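Please read the structure below before turning to the comments.
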Amino acid sequence: MTVELTDEQSDVEVDHERLVALARHVLTDRRVPDDMVTSLLLVDVDTIAGLNDTHMGKPGPTDVLAFPIDQPGTTPPDVPAILGDVVLCPRIAHDQAAELGRAGEQEVEMLVVHGILHLLGMDHATPDDEREMFSLTDDLLASFADDR
């Protein structure tokens, strides 16, 4: 499977190889077909704020946005299959992590998993959905750490 990572920010140093490996781990675990492409885009605070306003109608920056394109198994065989784009802001992630007493890298990794789960149709609109999504996020992060 193809995971493309583009880093357009310079605020926070990020381990690109680890994030791509994490994304592949999640996609494999969730049985996403090998021919699907997923993009990770790391951006600065101003860029994520603009995207949040334009696409979500919410002013100000956020930590992660997910833009699903194709759902697994819905693309004809002769058409490129694109799961979607996960856009995250490492600066916001690191700032949040500090407030929560966590390492910034852990927060970035959690947001990668969170964003991919959104691409796959999961949400946290209800308390039950939130429990399920965050529990799966924790499980995926733990199994990734175990594989390392």
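Taken together, the values in this text are just the output of simple stated rules run on the coordinates, not laboratory data. Because the structure is predicted, anything quoted here is derived from the model rather than measured. A quick note on method: Cβ atoms are made from the backbone with ideal geometry, for glycine too, and the neighbour counts reach across all protein chains shown.
Identify the residue in the range 34-47 that is touching a Leu at 6+ places or on another chain (Cβ under 7 Å) and not polar (S, T, N, Q) and, among all such residues, is nearest to Cys89 (Cα to Cα). Walk me through how you get there before you give the answer.
Quick first cut of the range 34-47, residues touching a Leu at 6+ places or on another chain (Cβ under 7 Å) only: 36-38, 40, 42.
Still in the running and not polar (S, T, N, Q): 36-37, 40, 42.
Numbers: Met36: 24, Val37: 21, Leu40: 11, Leu42: 6 Å.
So the residue we want is Leu42.
Restricting attention to the range 113-130, which residues are under 18 Å from Asn52 (Cβ atoms) and assigned to a helix (DSSP H, G or I)?
Kept after step one, since they are under 18 Å from Asn52 (Cβ atoms), are these residues of the range 113-130: 114-115, 118-119, 123-125.
Matches in the range 113-130: His114, Gly115, His118, Leu119.
So that you can scan it fast, the table gives a plain yes or no per residue for (1) within 13 Å of the chain's Cα centre (by Cα); (2) small (Gly, Ala, Ser); (3) more than 17 Å from Val32 (Cα to Cα):
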| position | (1), (2), (3) |
| --- | --- |
| Ala49 | no, yes, yes |
| Asn52 | no, no, yes |
| Lys58 | no, no, yes |
| Val79 | no, no, no |
| Arg91 | no, no, yes |
| Leu120 | yes, no, no |
| Arg131 | no, no, yes |
Exercise for review: For the range 45-66, enumerate the residues that are under 15 Å from Glu8 (Cβ atoms) and touching an Asp or Glu at 6+ places or on another chain (Cβ under 6 Å).
Suggested key: none
Practice item. Exactly one condition in (1) closer than 27 Å to Asp146 by Cα; (2) among the charged types (D, E, K, R); (3) out of contact with any His (no Cβ under 9 Å at 6 or more places or on another chain) is not met by Asp63; state its number. Key: (3)
